[in-house]
1. Let a ≥ b ≥ c be the square roots of the eigenvalues of the Cα gyration tensor of the stretch 54-170; is it rounded (a/c under 1.5), or, if not, prolate (a/b larger than b/c) or oblate?
2. Output wanted: per-residue J couplings in Hz (rounded whole) for the stretch 65-73, from phi through Karplus 6.51 cos²θ - 1.76 cosθ + 1.60, θ = phi - 60°, x for Gly and Pro.
3. Rank-order 100-106, 68-74 by packing density, defined as the average count of other C-beta atoms within 10 Å over each peptide's residues, highest first.
4. Take residue 136 and residue 62, extend 7 Å from each Cα along the Cα→Cβ direction, and tell me the distance between the two endpoints in nm.
5. Could the peptides 150-162, 132-144 be put in order, highest first, of the mean number of other beta-carbon atoms found within 10 Å of their residues?
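Every number here is computed from the coordinates shown, using simple stated rules; none is lab data. If you're wondering where the values come from, they're calculated on a predicted model, not measured in any experiment. Positions of Cβ are generated from backbone atoms using ideal geometry, with glycine treated the same way; all protein chains shown enter the neighbour counts.
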Amino acid sequence: MTAQRQSKWKRVRSDGASPDIGRELSSVKRDQRAQQPSCWSHATPRDTARMPTYRTFAGPVLVEPEPTKKSRFIASGAPISSGDEAQAWIAKVAARYPDARHHAFAWRLPGGQESRTHDAGEPGGSAGPPILNHIDGANLEGVCVVVTRYFGGIKLGVGGLIRAYGGAAG
């Protein structure tokens, strides 16, 4: 069996359990099933169909890309299961970087039905929605991403802010 690449994503069942089933067995040929780990042997395509899965972070994530026109952007992400957990994560990040100018965020709950964005004083639609676009583009659910900005003295404009916040979240 080949070594699998470590990933910052994990598959989680909608009930919160993380079975790490991997790909559904329906896409695996019958003769390959014997080569798979024994933890897969009990799962059938019918079992995985009953319990929908979604992608989320395996744990807290911190990313700091290169500064954009002297402004520093820091993206902090975490898995969540409720709006209260998202608010707690946002407060934790804001407390970690109290001297930052902006803490823009976006989150999507498991099931994908509820999401929220906040621009944190930036022009409307220039911070929160680009973050949510990257969450949606990666097909993630049950995540909260906060992008913290330290202003570098150069105004970026709305387009520059969209690229910078989206780039930090991506």
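1. On the way: a/c = 1.86, a/b = 1.55, b/c = 1.20.
In terms of gyration-tensor shape, prolate.
2. Taking θ as phi minus 60°, the curve returns x, 4, x, 10, 6, 6, 8, 9, 10 Hz for the stretch 65-73.
3. 100-106, 68-74
4. Between residue 136 and residue 62, the label points sit 3.0 nm apart.
5. On the way: 150-162: 14.2, 132-144: 18.6.
Packing order, densest peptide first, comes out as 132-144, 150-162.
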